[in-house]
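What follows is a single structure, written as structure tokens, with notes after it.
The values are calculated or read from the model by the stated rules, or taken from the named source; none is laboratory data. On a predicted model such as this, the values are computed, not experimentally measured, just so you know. Every residue, glycine among them, receives a Cβ derived from its backbone with ideal geometry; neighbour counts consider all protein chains shown.
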Amino acid sequence: MRRYLLLGNLPYALPILRPLQAAIRKRGGEAAWFFHGDGAQYLGTDEVLLPDTAAVRRFNPDAVFIPGNWVPHFFPGVKVHVGHGFAVSGKENTFSIRGLFDIYCTLGQYDTPEYSRLSDRMGHFKVIETGWPKLDPLFDPDVRPLEVERDRPVVLYASTFTRRLTSAPYLVDTVREIAKSGRWRWLITLHPKLDSQITRRWRELESDYVRYVNTKDVIPFLKTGDVMVCDTSSIMMEFMTQVRPVVTFRNGSTEPAPHLINVTEPEKLEAAIELALSRPPQLMGRLERYARAIHTQRDGHSSERILDAVERFIADKGLAELHRKPWNIGRKLQMRMRLGYWGPVKP
């Protein structure tokens with residue numbers, strides 16, 4: 001029986017790694033969690049938490065799955081990077097190679113070629129295109145959308161919390177006026193770090209046609225919408241993998257992306273939503289190509305592909321084929337200090 005460690009540093013790791021946990025259990029394997037930072041308090045009673053490094057080493061996992069950019073080198077097992085999200089603009093932090101991972105699991109045509117090029121050049125990690133486990137439930141027909149009346153189109157609204165990028169302060173009054181007509185149903189979710197006064201103004205919009213959704217599991221929310229209104233938040237990229245249109249407000253690009261409908265003035269929002277709901281063929285074609293590029297697989301089996309990749313790596317003695325990793329003495333000392341562990345690397 002294989003043992004796997006799910007490593008998180010913040011609550012965002014939970015929806016990314018839980019589909020992997022489900023796939024592990026389905027195969028008869030054993031999964032346990034380790035958190036350094038916030039997040040462990042959200043685990044369920046049926047989930048196993050390892051409280052410290054000593055417990056991790058006793059657990060002795062065959063592989064460690066991480067959605068972040070660091071993993072303790074003294075944790076046993078194959079170190080597997082599963083991705084922490086989509087890069088919204090350019091290649092920001094997407095291809096940061098820290099010399100800590102054995103396998104990078106990529107999402108699609110957008111990131112696989114560059115990771116593969118770096119793998120060929122550096123030689124100390126393998127690259128396998130698997131898809132992102134977080135999106136498995138998005139393509140699982142057994143995972144239901146939110147229960148809403150489908151008597152009219154459903155518009156989702158989501159926003160980043162970054163002050164210079166968020167659309168929330170600028171669109172709240174516009175959405176209030178649009179919602180009064182009752183043409184569409186609105187579902188609103190906001191980042192927990194968004195300014196509380198702005199969040200309060202959005203929550204005050206709740207009515208027969210506006211509903212505020214406060215949840216850490218955004219998948220049912222994403223499955224419910226016909227169109228999304230957003231700004232630069234990466235949640236819109238998760239939504240677009242369904243090939244559903246997005247209207248952005250001041251998206252930030254000097255040349256707005258061709259797969260988005262971008263507006264710069266609040267008064268243009270309503271017309272942009274109308275256009276998105278009409279699903280113009282040219283826009284939908286560009287959106288289809290973009291969705292395929294950022295997340296190629298849409299079968300809901302990314303977790304299984306990741307487990308298969310690890311199994312092949314172990315069976316083929318993949319570590320023996322890799323070049324020696326960089327020494328990374330400073331980073332390794334930092335991780336030992338962070339976790340208070342000064343013992344040997346091998347269990």
Please go through the range 309-320 and give me each residue that is charged (D, E, K, R) and more than 15 Å from Ile128 (Cα to Cα), ordered by number.
Lys317
Only one of (1) surrounded by fewer than 16 Cβ atoms within 10 Å (Cβ to Cβ); (2) of a type outside the set (A, V, I, L, M, F, W, C); (3) out of contact with any Ser or Thr (no Cβ under 8 Å at 6 or more places or on another chain) does not apply to Ser303, and that is (1)
With criteria (1) buried (at least 17 other Cβ atoms within 10 Å of the Cβ); (2) more than 19 Å from Asp111 (Cβ to Cβ), Ala315 comes up short on (1)
Can you name the residue in the range 18-38 that is within 15 Å of Trp70 (Cβ to Cβ) and out of contact with any helix residue (DSSP H, G or I) (no Cβ under 7 Å at 6 or more places or on another chain) and, of all such residues, is surrounded by the most Cβ atoms within 10 Å (Cβ to Cβ)?
Phe35
So the strands (runs of 3 or more DSSP E) completely within the range 110-192 holding 1 or more residues that are more than 25 Å from Ala293 (Cβ to Cβ) and out of contact with any Pro (no Cβ under 6 Å at 6 or more places or on another chain) are 154-157, 185-188
Residues of the range 155-170 satisfying the condition of being modelled with pLDDT of 95 or more and small (Gly, Ala, Ser)
Ala158
Say whether the condition of being free of Cβ contacts under 8 Å to residues at least 60 places away in the same chain and not aromatic (Phe, Trp, Tyr) is met by at least one residue in the range 221-239.
no
So which residues in the range 99-119 are of a type in the set (Asp, Glu) and surrounded by fewer than 18 Cβ atoms within 10 Å (Cβ to Cβ), if there are any at all?
Glu114
Looking across the range 284-300 at residues that are buried (at least 18 other Cβ atoms within 10 Å of the Cβ) and of a type outside the set (Val, Ile, Thr), the single one that is nearest to the chain's Cα centre (by Cα) is His295
Given the conditions (1) at pLDDT below 95; (2) closer than 27 Å to Ser278 by Cβ, which single one is not true for Ile188?
(1)
Enumerate the pairs (first residue in the range 320-347 and within 20 Å of Thr53 (Cβ to Cβ) and free of Cβ contacts under 8 Å to residues at least 60 places away in the same chain; second residue anywhere and aromatic (Phe, Trp, Tyr) and surrounded by 12 or more Cβ atoms within 10 Å (Cβ to Cβ)) with beta-carbon separation below 9 Å, excluding pairs fewer than 6 apart on the same chain, so at least 6 apart or on different chains.
Gln334/Trp70
Exactly one of (1) in contact (Cβ under 8 Å) with a residue 40 or more places away in the chain; (2) surrounded by 18 or more Cβ atoms within 10 Å (Cβ to Cβ); (3) more than 19 Å from the chain's Cα centre (by Cα); (4) not assigned by TED's automatic domain parsing to the domain that holds Phe75 is unmet by Ala179. Its number?
(1)
